[in-house]
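The values are calculated or read from the model by the stated rules, or taken from the named source; none is laboratory data. Note that the structure is predicted; figures quoted are calculated from it, not measured. Because the Cβ atoms are built from the backbone with ideal geometry, glycine has one as well, and the counts that use them run over all protein chains shown. Each accessible area value is taken on the protein alone, full model and side chains, heavy atoms only, with ligands, DNA and RNA left out. Shrake-Rupley method; radii C 1.70, N 1.55, O 1.52, S 1.80 Å.
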Amino acid sequence: MKPAPFDYIAPSSVEEAIEALQAAEEGKVLAGGQSLVPLMSLRLARPTLVVDINRIQGLESVAVHDGVLRLGAMVRHRRVAADPGIVASAPLLAYAARFVGHPAIRNRGTLGGSIAHADPASELAAALLALGGSVVARGPGGERAIAVADLFHGYFMTALDVDEVLTEVRVPARRPGEGYAFAEFAPRNGDFAVVAVAASVLRREEQGAAVRLVGAGLGGMPVDLSAAGDPALGERELTPPVLRSIAERVGSMVEPTGDIHATAEDRRELAQLLTARALREAWHRTAGD
Ligand SMILES: Cc1cc2nc3c(=O)[nH]c(=O)nc-3n(C[C@H](O)[C@H](O)[C@H](O)COP(=O)(O)OP(=O)(O)OC[C@H]3O[C@@H](n4cnc5c(N)ncnc54)[C@H](O)[C@@H]3O)c2cc1C
């Protein structure tokens with residue numbers, strides 16, 4: 001099938017892109033095109049204007065300022081997975097990016113596109129929520145920062161306005177004593193996750209480990225499961241009984257629904273298994289400092 005007719009522009013600045021989006025009957029930003037183009041081809045999306053942001057300079061930068069990693073929205077998944085600066089400052093994001101699709105998808109798909117698209121199985125969205133990240137959106141009224149915790153509203157829905165361009169993603173850079181892991185179940189390598197878990201553990205001598213956990217594929221958006229990590233408080237080691245107790249709590253917190261890929265009960269079990277696996281790995285990685 002071919003897309004419905006549409007107009008196309010490739011502006012050279014974010015301001016021009018915003019103006020075009022404002023004026024359009026139904027405008028859509030085109031980044032890597034790995035989600036938008038298939039949707040248009042299936043006529044599930046019918047924008048009247050496609051605003052291609054690939055020629056805008058400055059949206060592919062990567063820098064650390066004051067302990068915060070700033071990634072331009074057009075940084076491709078391939079770079080997120082392998083750039084030494086990103087791997088050092090946000091290893092969880094890099095681990096998660098390795099699970100996104102196939103090499104061809106990772107070569108074109110962008111960090112900003114993945115977040116704006118808001119697929120509930122998105123690995124990058126889950127990782128960003130676990131990291132306490134935020135995004136910067138620019139629109140007719142100027143620029144605003146949105147915490148990732150406030151960004152997702154449900155299946156493919158975000159707090160972004162139709163005439164806003166997501167320009168930057170920000171995550172706190174890794175601190176000593178922090179370990180991260182990402183665990184996923186997908187039917188085949190490169191498929192979307194049925195369930196995935198992003199885990200972050202901070203090793204603390206006195207108070208015990210601080211755990212952050214986020215699940216994907218367990219509802220319409222990434223689910224913050226960090227409250228399940230309370231049994232780690234006061235513990236100097238994430239021992240098998242502590243891991244089991246956290247995984248059990250995850251099982252009672254999640255409310256997945258079944259679909260053609262997995263039953264609700266399968267998803268619950270996967271969430272528990274992947275939680276234990278990701279936390280064990282993240283804990284081992286805290287020992288590197
Ligand atoms: C075969 C296949 C397998 C895939 N597997 C996975 C997978 O396992 N995991 C996964 O997470 N994803 C997967 N994807 C999707 C892929 O990660 C996409 O790259 C991503 O979802 C969208 O990024 P994009 O840059 O291609 O955005 P586009 O397709 O260009 O845009 C997607 C949506 O976001 C909007 N948008 C894009 N950029 C911006 C911006 N800067 N500001 C405002 N709005 C914006 C667009 O208007 C559009 O609505 C897969 C895709 C394919 C085709």
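Annotations
- Residue, farthest from V37 (Cα to Cα), within the range 96-118, restricted to residues that are open to solvent by less than 30 Å² (accessible area, probe 1.4 Å) and outside any helix (DSSP H, G or I): V100
- Residues that are assigned to a loop (DSSP other than H, G, I, E, B) and free of Cβ contacts under 8 Å to residues at least 40 places away in the same chain within the range 205-236 comprise E205, E206, Q207, G234, E235, R236, listed in sequence order.
- Scanning the range 216-245 for residues that are surrounded by fewer than 23 Cβ atoms within 10 Å (Cβ to Cβ) and either in contact with a Cys (Cβ under 8 Å, 6 or more places away or on another chain) or of a type in the set (G, A, S) (or both) turns up G219, G220, S226, A227, G234, S245.
- Yes/no for R98 being in contact with a strand residue (DSSP E or B) (Cβ under 7 Å, 6 or more places away or on another chain), among the basic types (K, R) and under 26 Å from G177 (Cα atoms): no
- Subset of the range 50-95 (residues that are over 26 Å from Y8 (Cα atoms), small (G, A, S) and open to solvent by 10 Å² or more (accessible area, probe 1.4 Å)): A63, G67, A81, A82, G85, A88, S89
- Picking from residues in the range 66-91 that are under 24 Å from M157 (Cβ atoms) and assigned to a helix (DSSP H, G or I), the one that is farthest from the ligand (Cβ to nearest atom) is V80.
- Count of the range 1-20 residues, restricted to those that are over 15 Å from L59 (Cβ atoms) and open to solvent by less than 70 Å² (accessible area, probe 1.4 Å), is 4.
- All positions within the range 21-49 that are within 18 Å of G101 (Cβ to Cβ), in contact with a helix residue (DSSP H, G or I) (Cβ under 8 Å, 6 or more places away or on another chain) and surrounded by fewer than 18 Cβ atoms within 10 Å (Cβ to Cβ): G33
- Positions within the range 188-201 being out of contact with any Phe, Trp or Tyr (no Cβ under 6 Å at 6 or more places or on another chain) and at pLDDT 95 or above, in sequence order: A193, A196, V197, A199
- Across the range 187-215, the qualifying residues are those that are out of contact with any Leu (no Cβ under 9 Å at 6 or more places or on another chain) and under 19 Å from Y155 (Cβ atoms), and the one among them that is least open to solvent (accessible area, probe 1.4 Å) is A193.
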